[in-house]
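Enquirer: Take this structure first; my questions come after.
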Amino acid sequence: MPFPAAGGARVPLRTAKCIRFARHGCANRPFYHIVVMDKKSPRQGHVIEQLGTWDPLVNAHGEKLCSINLERTTYWISKGALISEGCSMLLGLAGLLPIHPRVYLLAWRNRRAAAAQKVQEKEDAAQVEN
Amino acid sequence: MAATVTLQVYFRSIFFTNNAVLRSFQRKSWRHCSTSVNIYNDRDPAPVFFSENVQTILKKITGTDFNKVFRQRFDEKKLSPPEYKFMTDEELKQKMKNAERLSSKILQMPPVLKERQAISNILSRDPAITGFENCKFVFTDITYGLPDRKRLVVVRDPDGTLRQASWEEAERMNQIYNPRPGRKLKPPKLFQEEHLTNVLERGEYEFVLDSACAQFEPDDPEYLRITSVVYESVDKKRCYQLLHSTRHYGPLCFYLTWNKKIENLLISLLQQEKLEACADIVRLYQLIHTDCKSKMINVDPNQHLELLKAYVEHDSLQQQQLQLAIQAYQEIVRERQQYNENVKTAHGL
Amino acid sequence: MFRRLLCTFNTLSSHTATPTPLLRIIDANPVRCSLVTSTRLRCKASEEGEVQEERDPTKDRSRVIPVETSMKYIKSEAYHTTYGSDPVWKIYRRNFKGAFPPRKTRKTCIRAKMIATGNPCPICRDEYLVLDYRNVDLLKQFISEHNGAILSYSMTNICQRRHKELQVAVLKARDYGLLTYDVPFREYEYSEYYTPSKNDNKLTT
């Protein structure tokens with residue numbers, strides 16, 4: 001019997017809570033719920049509360065969609081809930097938190113890779129001409 | 001006089017076609033605006049529309065024909081068998097009161113608003129994250145109990161700017177996370193130019209207006225375009241009666257009055273011998289156009305015919321036709337009086 | 001069950017080089033067997049290319065009828081003499097054993113572009129009735145005149161495939177505005193759109 005996705009787990013005292021993703025969707029079609037859970041519970045474990053959703057696949061309009069219940073998220077952050085890396089990257093992009101350093105790092109790497117590819121292409125073109 | 005009128009019309013048409021062309025450039029390719037329609041651009045109609053006097057007049061002229069308000073609805077809902085009951089007078093009065101309350105709810109007019117301004121609210125810029133992803137990120141606040149228009153939707157563009165979502169994006173998100181019955185993610189093809197003309201030819205005005213209400217916000221430029229096209233078509237075919245006792249009759253009259261096109265409406269009302277409605281529309285005209293000439297003349301507001309005549313004399317664009325209609329109306333009334341008197345004398349009363 | 005039997009039969013025949021009879025009856029009740037496989041036999045025969053002219057023209061559905069023809073047909077005299085002013089499903093009766101009809105109608109009447117049943121449903125039996133969003137006159141016959149809903153297949157008796165096609169066509173026709181219905185009522189909260197400021201009070205007085 002799976003746990004209800006919307007939450008309802010017991011809120012244990014003095015244990016670390018975590019805002020993180022719970023994977024829903026199916027094979028080759030990821031879809032995540034942004035949830036508050038006990039830190040030590042498994043990924044698909046019993047959820048304390050659902051805070052939003054995250055769809056990592058790009059839609060027809062070239063967008064990735066994310067929904068966040070700001071009121072409850074700020075509440076749980078104020079309660080001292082931990083935030084997983086993926087979630088804090090997302091909340092950083094949303095403007096709720098400062099942008100995660102890993103986002104800067106990844107952006108820099110992507111830019112570097114793009115520049116390298118451009119140089120490579122130029123060299124290839126020159127070789128073909130010769 | 002005639003020359004000035006034509007000049008006015010000419011200028012108006014130029015002005016509005018220009019607007020239409022501009023708008024069609026801004027919109028997507030299928031949202032072309034070939035017919036010249038008047039949209040509330042130069043002046044904000046909202047304060048006038050929501051003012052108490054205008055609201056009471058509009059509600060009054062809308063009329064409450066219960067057969068039309070509580071008509072059979074083709075909404076796929078399960079039907080229940082009708083009930084027949086014996087009631088005392090008091091109970092009947094109570095029921096009628098309830099029906100009136102319900103009808104005022106059903107006849108609630110869609111608000112008449114100015115075209116909305118595009119949102120360009122940039123919250124922050126962070127060029128250091130360009131290259132992180134090649135797509136946009138759209139974040140929607142799904143806090144419980146917020147109305148759709150106040151819901152915060154923000155977009156992180158690929159170049160790192162964080163901005164508030166445009167109206168179109170925000171509406172799309174609202175429909176995804178908080179769907180409203182009757183609204184579709186893509187607007188129905190019915191609103192495209194060629195299909196719209198087809199539907200209007202069949203005279204399904206209420207259907208088009210209802211579906212426009214369900215699909216769009218009342219200050220959406222697309223909504224304004226569709227409603228004005230429908231109103232123009234109603235005015236052209238003079239079938240105002242189709243929209244009478246529906247929630248769209250008030251906005252129709254408001255649109256016609258705002259654009260000074262009430263002559264045909266007045267004539268058709270006179271032909272149906274609804275003098276009071278005519279007077280109400282003239283009053284509405286005077287409320288909307290505060291600088292009109294007929295307002296300067298002090299006419300007793302209870303004298304409907306005098307009010308109408310003052311309007312015809314000073315503000316009307318088609319004086320002769322209106323005067324003819326008034327004469328015909330007066331003649332009919334006089335004949336009827338004569339007939340009644342004759343009957344009375346014949347009966348020896 | 002019969003299909004399975006036939007399949008095994010086909011595989012067997014492909015392995016053996018010797019010509020085999022078209023049908024081998026492997027059932028306790030020979031009458032039932034022969035009834036079901038009669039159309040199958042004909043199909044198989046046409047596949048082999050020997051007796052292609054034997055396709056029964058009254059049961060052949062390989063020709064695609066354009067919608068325009070169908071729309072014209074519904075307005076024609078021929079249609080009127082066949083159906084009168086009744087909807088096309090009115091004079092059709094399902095065949096079933098016992099007192100109660102099966103809950104669902106059959107899955108489809110047309111298999112391999114041939115009518116595969118003795119009593120095809122009201123749309124399958126008339127070649128010129130094409131379900132399309134433009135064919136509004138036909139669609140209207142399948143819509144309740146009381147509440148605008150699509151009539152159930154238990155009433156119209158059309159097969160499941162045609163019913164699905166009908167649903168798609170009706171939704172599409174509504175999208176194009178060819179079929180009208182009552183859109184769900186939308187109530188406006190005026191305060192969301194306009195809040196009167198102090199300056200506006202001048203207008204009301």
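The values are calculated or read from the model by the stated rules, or taken from the named source; none is laboratory data. Not measured: the values here are computed from a predicted model. A quick note on method: Cβ atoms are made from the backbone with ideal geometry, for glycine too, and the neighbour counts reach across all protein chains shown.
Enquirer: I'm trying to understand the selection: among the residues of the range B:158-216, which are closer than 25 Å to residue B:145 by Cα and among the aromatic types (Phe, Trp, Tyr)?
Expert: The answer is B:167, B:177, B:216.
Okay, residues lined up against (1) over 30 Å from residue C:137 (Cβ atoms); (2) in contact with a strand residue (DSSP E or B) (Cβ under 9 Å, 6 or more places away or on another chain); (3) at pLDDT 95 or above; (4) not assigned by TED's automatic domain parsing to the domain that holds residue C:140:
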| residue | (1), (2), (3), (4) |
| --- | --- |
| C:22 | yes, no, no, yes |
| C:29 | yes, no, no, yes |
| C:41 | yes, no, no, yes |
| C:46 | yes, yes, no, yes |
| C:50 | yes, no, no, yes |
| C:105 | no, no, yes, no |
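Enquirer: Considering each of C:178, C:171, C:138 in turn, give the residue that is modelled with pLDDT of 95 or more, surrounded by 18 or more Cβ atoms within 10 Å (Cβ to Cβ) and either within 12 Å of chain B (Cβ to nearest Cβ) or on the phi > 0 side of the Ramachandran plot (or both).
Expert: Details: C:171 fails: surrounded by 18 or more Cβ atoms within 10 Å (Cβ to Cβ); C:138 fails: either within 12 Å of chain B (Cβ to nearest Cβ) or on the phi > 0 side of the Ramachandran plot (or both).
Only one candidate passes the filter, namely C:178.
Enquirer: Do we have residue B:292 as closer than 28 Å to residue B:46 by Cα and either free of Cβ contacts under 8 Å to residues at least 60 places away in the same chain or not hydrophobic (A, V, I, L, M, F, W, C) (or both) here? Spell out how you get there, then give the answer.
Expert: Numbers: closer than 28 Å to residue B:46 by Cα: yes; either free of Cβ contacts under 8 Å to residues at least 60 places away in the same chain or not hydrophobic (A, V, I, L, M, F, W, C) (or both): yes.
Yes, satisfied.
Enquirer: Within the set of pairs 6 or more residues apart or between chains, which connect a residue that is more than 8 Å from chain B (Cβ to nearest Cβ) inside the range A:95-114 to a residue that is surrounded by 15 or more Cβ atoms within 10 Å (Cβ to Cβ) and of a type in the set (Gly, Ala, Ser) with Cβ atoms less than 7 Å apart?
Expert: A:97/A:88; A:98/A:92; A:100/A:88; A:100/A:92
Enquirer: Residue under question is residue C:116, and the condition is that it be small (Gly, Ala, Ser), farther than 16 Å from residue C:94 by Cα and either touching a residue at least 60 places away in the same chain (Cβ under 8 Å) or not assigned by TED's automatic domain parsing to the domain that holds residue C:79 (or both); does it hold? Break it down stepwise before answering.
Expert: Working: small (Gly, Ala, Ser): yes; farther than 16 Å from residue C:94 by Cα: no; either touching a residue at least 60 places away in the same chain (Cβ under 8 Å) or not assigned by TED's automatic domain parsing to the domain that holds residue C:79 (or both): yes.
Taking the combined requirement at face value, the residue does not satisfy it.
Enquirer: Can you find a residue that is within 22 Å of residue B:175 (Cα to Cα) and either exposed (fewer than 14 other Cβ atoms within 10 Å of the Cβ) or in the same structural domain as residue A:3 (by TED's automatic domain parsing) (or both) anywhere in the range A:42-51? Give the derivation first.
Expert: The first filter runs over the range A:42-51 and keeps only residues within 22 Å of residue B:175 (Cα to Cα), leaving A:50-51.
Right, trim to either exposed (fewer than 14 other Cβ atoms within 10 Å of the Cβ) or in the same structural domain as residue A:3 (by TED's automatic domain parsing) (or both) and you get A:50-51.
Scanning the range A:42-51 turns up at least one residue that is within 22 Å of residue B:175 (Cα to Cα) and either exposed (fewer than 14 other Cβ atoms within 10 Å of the Cβ) or in the same structural domain as residue A:3 (by TED's automatic domain parsing) (or both).
Enquirer: Quick one: in the range A:61-76, which of the residues that are surrounded by fewer than 19 Cβ atoms within 10 Å (Cβ to Cβ) and more than 8 Å from chain B (Cβ to nearest Cβ) is farthest from the chain's Cα centre (by Cα)?
Expert: For the range A:61-76, the residue satisfying everything is A:75.
Enquirer: Please go through the range B:211-245 and give me each residue that is more than 22 Å from residue B:257 (Cβ to Cβ) and within 13 Å of another protein chain (Cβ to nearest Cβ), ordered by number. Reasoning before the result, please.
Expert: Initially, the range B:211-245 is screened for residues more than 22 Å from residue B:257 (Cβ to Cβ), giving B:211, B:214-217, B:220, B:222.
Answer for the range B:211-245, where residues must be more than 22 Å from residue B:257 (Cβ to Cβ) and within 13 Å of another protein chain (Cβ to nearest Cβ): B:211, B:214, B:215, B:216, B:217, B:220.
Enquirer: I've got another one for you. Quick one: how many residues across the range A:46-60 are under 19 Å from residue B:141 (Cα atoms), among the small types (Gly, Ala, Ser) and more than 7 Å from chain B (Cβ to nearest Cβ)?
Expert: Residues that pass the stated criteria total 0.
Enquirer: Could you run through the range B:101-132 and say how many residues are assigned to a helix (DSSP H, G or I) and outside the structural domain of residue B:65 (by TED's automatic domain parsing)?
Expert: As a first pass, look at the range B:101-132 and keep what is assigned to a helix (DSSP H, G or I): B:101-106, B:127-129.
If we keep only those that are outside the structural domain of residue B:65 (by TED's automatic domain parsing) too, we end up with B:127-129.
Number satisfying all stated conditions: 3.
Enquirer: Now a separate question. Quick one: is residue A:67 modelled with pLDDT of 95 or more and under 25 Å from residue B:122 (Cβ atoms)? If you could, list the steps in order and put the result at the bottom.
Expert: Details: modelled with pLDDT of 95 or more: yes; under 25 Å from residue B:122 (Cβ atoms): yes.
Criteria met by residue A:67.
Enquirer: Just one of (1) more than 13 Å from chain C (Cβ to nearest Cβ); (2) among the β-branched types (Val, Ile, Thr); (3) surrounded by fewer than 15 Cβ atoms within 10 Å (Cβ to Cβ) trips up residue B:161, so point out which.
Expert: For residue B:161, the exception is condition (3).
Enquirer: Counting only residues that are touching an Asp or Glu at 6+ places or on another chain (Cβ under 8 Å), facing another protein chain (nearest Cβ under 7 Å) and of a type outside the set (D, E, K, R), which one in the range B:125-156 is nearest to residue C:194 (Cα to Cα)?
Expert: B:147
Enquirer: Given the criteria under 29 Å from residue B:169 (Cβ atoms), more than 10 Å from every other protein chain (Cβ to nearest Cβ) and crowded, with 16+ Cβ neighbours inside 10 Å, does residue A:34 qualify? Explain how you work it out, then say what you get.
Expert: Details: under 29 Å from residue B:169 (Cβ atoms): yes; more than 10 Å from every other protein chain (Cβ to nearest Cβ): yes; crowded, with 16+ Cβ neighbours inside 10 Å: yes.
Yes: the conditions hold for residue A:34.
Enquirer: May I ask you to verify whether residue C:113 is in contact with a Lys or Arg (Cβ under 9 Å, 6 or more places away or on another chain) and more than 14 Å from chain B (Cβ to nearest Cβ)? Walk me through how you get there before you give the answer.
Expert: On the way: in contact with a Lys or Arg (Cβ under 9 Å, 6 or more places away or on another chain): yes; more than 14 Å from chain B (Cβ to nearest Cβ): yes.
Against the criterion (in contact with a Lys or Arg (Cβ under 9 Å, 6 or more places away or on another chain) and more than 14 Å from chain B (Cβ to nearest Cβ)), residue C:113 qualifies.
Enquirer: Here is a further query. Could you give every pair whose Cβ atoms fall below 7 Å, whose first residue belongs to the range B:192-204 and is at the interface with another protein chain (Cβ under 7 Å from one of its Cβ atoms), and whose second residue is β-branched (Val, Ile, Thr), counting only separations of at least 6 or pairs across chains?
Expert: Qualifying pairs under 7 Å: B:199/B:208; B:204/C:180.
Enquirer: Do we have residue C:58 as surrounded by 11 or more Cβ atoms within 10 Å (Cβ to Cβ) and either part of a loop (DSSP other than H, G, I, E, B) or modelled with pLDDT under 95 (or both) here?
Expert: On the way: surrounded by 11 or more Cβ atoms within 10 Å (Cβ to Cβ): no; either part of a loop (DSSP other than H, G, I, E, B) or modelled with pLDDT under 95 (or both): yes.
Answer is no for this residue.
Enquirer: Filter the range B:47-94 down to the residues that are more than 19 Å from residue B:206 (Cα to Cα) and within 21 Å of the chain's Cα centre (by Cα) and list them by number. Explain how you work it out, then say what you get.
Expert: First, pick out the residues of the range B:47-94 that are more than 19 Å from residue B:206 (Cα to Cα): B:47-57, B:60, B:77-94.
If the condition is that a residue be more than 19 Å from residue B:206 (Cα to Cα) and within 21 Å of the chain's Cα centre (by Cα), then B:47, B:48, B:49, B:50, B:51, B:52, B:53, B:54, B:55, B:56, B:57, B:60 are the ones that fit.
Enquirer: Which condition number in (1) in the same structural domain as residue C:71 (by TED's automatic domain parsing); (2) touching a helix residue (DSSP H, G or I) at 6+ places or on another chain (Cβ under 7 Å); (3) at pLDDT below 95 is the one that residue C:97 fails?
Expert: (2)
Enquirer: Something else now. Could you please give the count of residues in the range B:166-203 that are out of contact with any helix residue (DSSP H, G or I) (no Cβ under 7 Å at 6 or more places or on another chain) and either under 30 Å from residue B:125 (Cα atoms) or surrounded by 20 or more Cβ atoms within 10 Å (Cβ to Cβ) (or both)?
Expert: Result for the range B:166-203: 11.
Enquirer: Check residue B:223 against each of (1) within 26 Å of residue B:76 (Cα to Cα); (2) within 17 Å of the chain's Cα centre (by Cα); (3) not in a helix (DSSP H, G or I) and name the one condition it does not meet.
Expert: Of (1) within 26 Å of residue B:76 (Cα to Cα); (2) within 17 Å of the chain's Cα centre (by Cα); (3) not in a helix (DSSP H, G or I), only one is false for residue B:223: (3).
Residue-wise test of (1) closer than 18 Å to residue C:172 by Cα; (2) out of contact with any Pro (no Cβ under 6 Å at 6 or more places or on another chain); (3) not polar (S, T, N, Q).
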position	(1), (2), (3)
B:184	yes, yes, yes
B:203	no, yes, yes
B:207	yes, yes, yes
B:211	yes, yes, no
B:215	yes, no, no
B:235	no, yes, yes
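Enquirer: I'm trying to understand the selection: among the residues of the range C:119-135, which are within 17 Å of residue C:91 (Cβ to Cβ) and surrounded by 20 or more Cβ atoms within 10 Å (Cβ to Cβ)?
Expert: Of everything in the range C:119-135, those that are within 17 Å of residue C:91 (Cβ to Cβ) and surrounded by 20 or more Cβ atoms within 10 Å (Cβ to Cβ) turn out to be C:120, C:121, C:122, C:123, C:124, C:129.
Enquirer: Check the range C:151-166 and report whether any residue there is over 22 Å from residue B:203 (Cα atoms), within 14 Å of another protein chain (Cβ to nearest Cβ), surrounded by 17 or more Cβ atoms within 10 Å (Cβ to Cβ) and not basic (Lys, Arg).
Expert: At the first step, the residues of the range C:151-166 found to be over 22 Å from residue B:203 (Cα atoms) are C:151-166.
When the remaining residues are screened for being within 14 Å of another protein chain (Cβ to nearest Cβ), the result is C:151-152.
Still in the running and surrounded by 17 or more Cβ atoms within 10 Å (Cβ to Cβ): C:151.
Retained after the next criterion (residues that are not basic (Lys, Arg)): C:151.
Checked the range C:151-166: at least one residue is over 22 Å from residue B:203 (Cα atoms), within 14 Å of another protein chain (Cβ to nearest Cβ), surrounded by 17 or more Cβ atoms within 10 Å (Cβ to Cβ) and not basic (Lys, Arg).
Enquirer: Would you say residue B:321 is in contact (Cβ under 8 Å) with a residue 40 or more places away in the chain and either outside any loop (DSSP other than H, G, I, E, B) or farther than 20 Å from residue B:254 by Cβ (or both)?
Expert: Values: in contact (Cβ under 8 Å) with a residue 40 or more places away in the chain: yes; either outside any loop (DSSP other than H, G, I, E, B) or farther than 20 Å from residue B:254 by Cβ (or both): yes.
Yes, satisfied.
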